[in-house]
């Protein structure tokens, strides 16, 4: 309970009519001049009126020998009513409202003696637990608004949580041990029952004391608004209360949540403490809630987030080891149900509340806006989300290496510290200060995530340096260890603390405390810190100023590896060998798809590469097909993401995509970046203007970011309706979902469990290495096609303008792949030598075998899976016509019959059948009033599916035409 201040006591003395108070206790008084007299109630005073009351001073005294009671109004009630001093104070104020004011009785008469008065009980007898908790919380909230609650309001103000609006909205209160003064006596039935109920609720301890005494109290409610818990934060100074005892909850299960209204938003902030949550709310970020500490992310809160369909959570856990671990666990748990997670880059050793106090609300909002995306643990190490950081926000990142591909503007350097200047002066010249790393000084050694500096028997261990993301702060956890010898033998002493080495007050504090713990001289420790500061500054600058754009890893091939790779590339049946190697690498079927995808990835060396979309239903193997194709290409030539944000591509390094493969696991994950992908493919480069901070002046300026292509793009999708603009730019490959292909995959899976299968898997490593080395030997070339004018392509639709370009690029890719088998063509233009690789008739013939299937699909108005369902429906109708001796119009079929014929799921049948009905290939017949829905095939069931017609010239005819022209 907060102690009564002298001001509070003086206020009660001044506002209480002492004459009216004493007469209310049945004591008759008579006025004699400025004083009043009466019989003293504190001893046997029956004859002489020994009680003297001086209302002008608010005092009374007994003149009788042996009694000598004297004091103020509070002490009179305390002794007369037999209660505590605090209870007497409460009785006089009646819970904060004076009971006997100076105007209460100008001419008081003789009052009847009363029993000891009781304060009004705020709790109802026989109320249920929920109502009692509500009444307790209401009483606490009433207490914090009284003058006696000023100490609690001051505490909230010291945490930046001032404002009656916040107190009222969250029902914040104060537990000051006055609740018991208002309860019936415990020796009465009503008092015993009420106290017993409060013990069961956890409000009272078994000792009979209020559990949250001396705490600011915040009710924790469920989504229906019922109080499920009370959180208490002690307002005593840190030195008075152990750290583990500052945060209290009722001795009952942790339940409910703070600010359930936040779940109306799709994106929320999640903190680890209630005060942190109140901090965000106080600064206008009202979509916030919290866990019950780092170890108590309750199932109730988790289920509420899932039920509310929260899409994104900003994790604002403390910047310490416990916060890091709790944040990682929370992110893993939330990502498992599809919730996107970001982590606020709070400085090491701080929480949201302390950060807001130190930096202000706008800085806290900036942290929320620039929160770092948390990659799911289930994602492979090379598959990460490309999350852009604006130039102005990159200095706030927790780990600068996490965005090593993105350009960075260096923040304005911090001013030289006085300690550094002292050291520079002591070394005799400004040049030493400028170089900052005197050769005579010991060096800073990195050990894991920490650094160490050894200075004789003194060792300084520095943690958290990498968490500083600008040159304006140098916050670290510093430990000084000192080994010594004395008469007792060898020993050690140490001191550890967290501090910002750029703050003079914090350095001085460390020096003083370290000197006390280690018995070293303060001047010695001060000199050590000067040396350490200069070394840490250098390390900090080297890290932050390191070039973020690095050249691609160059893999040097041995002579034997190069010979083997060239032997493959010079093989006359190179394309057949590629297919054979895929088969040997454990991929069955899909020959056309594999070859088309391989050529598309190889086209990354061309000026305008191909792009592919691999389309299939879920679990059909689209990702397996993509992984199989990419396995034949070097890792340094691949950039792979699971998802991309809208501007992520713009902030990649300038040449990080040039002549590489950009693979995105799911097309849906790149939906926000679709415009950039289209632009990158069409224009071959990306350019964006963005605002950032000038490293010298600190002013905002426009910065231009440029990303060069060309790049080959590979996407996978389960969607039927692909974005038309994207599909026009890509080859669409459809996974073989036939029963025969499924049987081949099953056989391969069983074979992998055998001895032969395990040995074959080891041999596949050599195949992958060979194929990757072959790609490393390919160089970008211009491709010249001497037969280009004679080629033909269907022109019935405008979209074939792009399909025709894909066809020509497919030919170029095949020619590029054979670059080690033909002599280049050389011409001179304006003094410049131009080299080109020629296309052969064999290249065109190979492209003509692939193009009808991969390009013809794009000309079909039906998606490939829908076309397969139509073909299956035709087979079903033909079978029904033959079995029932009926015409096609009578051969009606149901969805169930179609499912049994195809083996597809009900969802697949429904989606593709709706497309066939929409395009009038199938019509609905009947199906009302409980009758099974029937369908009629509107196209000829006997008609075989048309082969893909893209209007390509026959290579034999092309050869004849070429021979004729040559002759």
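The values are calculated or read from the model by the stated rules, or taken from the named source; none is laboratory data. In this text, all values refer to a predicted model and were calculated from it rather than measured experimentally. Cβ: placed from backbone, ideal geometry, glycine included. Neighbour counts: every protein chain shown.
See the values below:
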quantity	calculated
In the stretch 480-498, the residues that are modelled with pLDDT of 90 or more and either over 16 Å from residue 460 (Cα atoms) or buried (at least 19 other Cβ atoms within 10 Å of the Cβ) (or both)	480, 495
Count of residues meeting criterion [in a loop (DSSP other than H, G, I, E, B), farther than 20 Å from residue 341 by Cα and touching a strand residue (DSSP E or B) at 6+ places or on another chain (Cβ under 8 Å)] in the stretch 259-291	0
Subset of the stretch 179-207 [touching a helix residue (DSSP H, G or I) at 6+ places or on another chain (Cβ under 7 Å) and either over 24 Å from residue 245 (Cβ atoms) or free of Cβ contacts under 8 Å to residues at least 40 places away in the same chain (or both)]	181, 183, 184, 185, 186, 197, 204, 206
Residue match in the stretch 188-199 (condition: in a loop (DSSP other than H, G, I, E, B) and over 30 Å from residue 277 (Cβ atoms))	yes
Qualifying strands (runs of 3 or more DSSP E) (wholly inside the stretch 439-535; at least 3 residues being out of contact with any helix residue (DSSP H, G or I) (no Cβ under 9 Å at 6 or more places or on another chain) and under 23 Å from residue 348 (Cα atoms))	458-463
Residue in the stretch 809-816 that is loosely packed, with under 14 Cβ neighbours inside 10 Å and modelled with pLDDT of 90 or more present	no
Residues satisfying the stated conditions in the stretch 63-79, i.e. in contact (Cβ under 8 Å) with a residue 24 or more places away in the chain and either over 19 Å from residue 35 (Cβ atoms) or in contact with a strand residue (DSSP E or B) (Cβ under 7 Å, 6 or more places away or on another chain) (or both)	69, 72, 73, 74, 76, 77, 79
Residue among 670, 663 that is buried (at least 22 other Cβ atoms within 10 Å of the Cβ) and either at pLDDT below 75 or on the phi > 0 side of the Ramachandran plot (or both)	670
Per-region count, the stretch 292-326, residues within 18 Å of residue 265 (Cα to Cα) and part of a loop (DSSP other than H, G, I, E, B)	4
Helices (runs of 4 or more DSSP H) fully within the stretch 832-915 counting 3 or more residues that are over 30 Å from residue 574 (Cβ atoms) and in contact (Cβ under 8 Å) with a residue 60 or more places away in the chain	864-884
Meets criteria (assigned by TED's automatic domain parsing to the domain that holds residue 750 and at pLDDT below 80) for residue 650	yes
Test for residue 618: is it assigned by TED's automatic domain parsing to the domain that holds residue 734, more than 30 Å from residue 836 (Cα to Cα), in a helix (DSSP H, G or I) and in contact (Cβ under 8 Å) with a residue 60 or more places away in the chain	no
Residue, farthest from the chain's Cα centre (by Cα), within the stretch 243-258, restricted to residues that are surrounded by 16 or more Cβ atoms within 10 Å (Cβ to Cβ) and in a loop (DSSP other than H, G, I, E, B)	250
Segments classed as helices (runs of 4 or more DSSP H), wholly inside the stretch 553-611, with at least 3 members that are in the same structural domain as residue 621 (by TED's automatic domain parsing) and either surrounded by fewer than 20 Cβ atoms within 10 Å (Cβ to Cβ) or at positive phi (or both)	559-569, 574-584
Selection from the stretch 145-194 of residues that are closer than 23 Å to residue 82 by Cβ and touching a strand residue (DSSP E or B) at 6+ places or on another chain (Cβ under 7 Å)	177, 179, 180
Top-ranked residue of the stretch 305-348 - restricted to ones that are more than 15 Å from the chain's Cα centre (by Cα) and buried (at least 19 other Cβ atoms within 10 Å of the Cβ), ranked as nearest to residue 282 (Cα to Cα)	347
Qualifying position, being at pLDDT below 80, at negative phi and part of a helix (DSSP H, G or I), among 682, 690	682
Positions within the stretch 916-938 being within 14 Å of residue 874 (Cα to Cα) and touching a residue at least 40 places away in the same chain (Cβ under 8 Å), in sequence order	916, 921, 922, 935, 936, 937
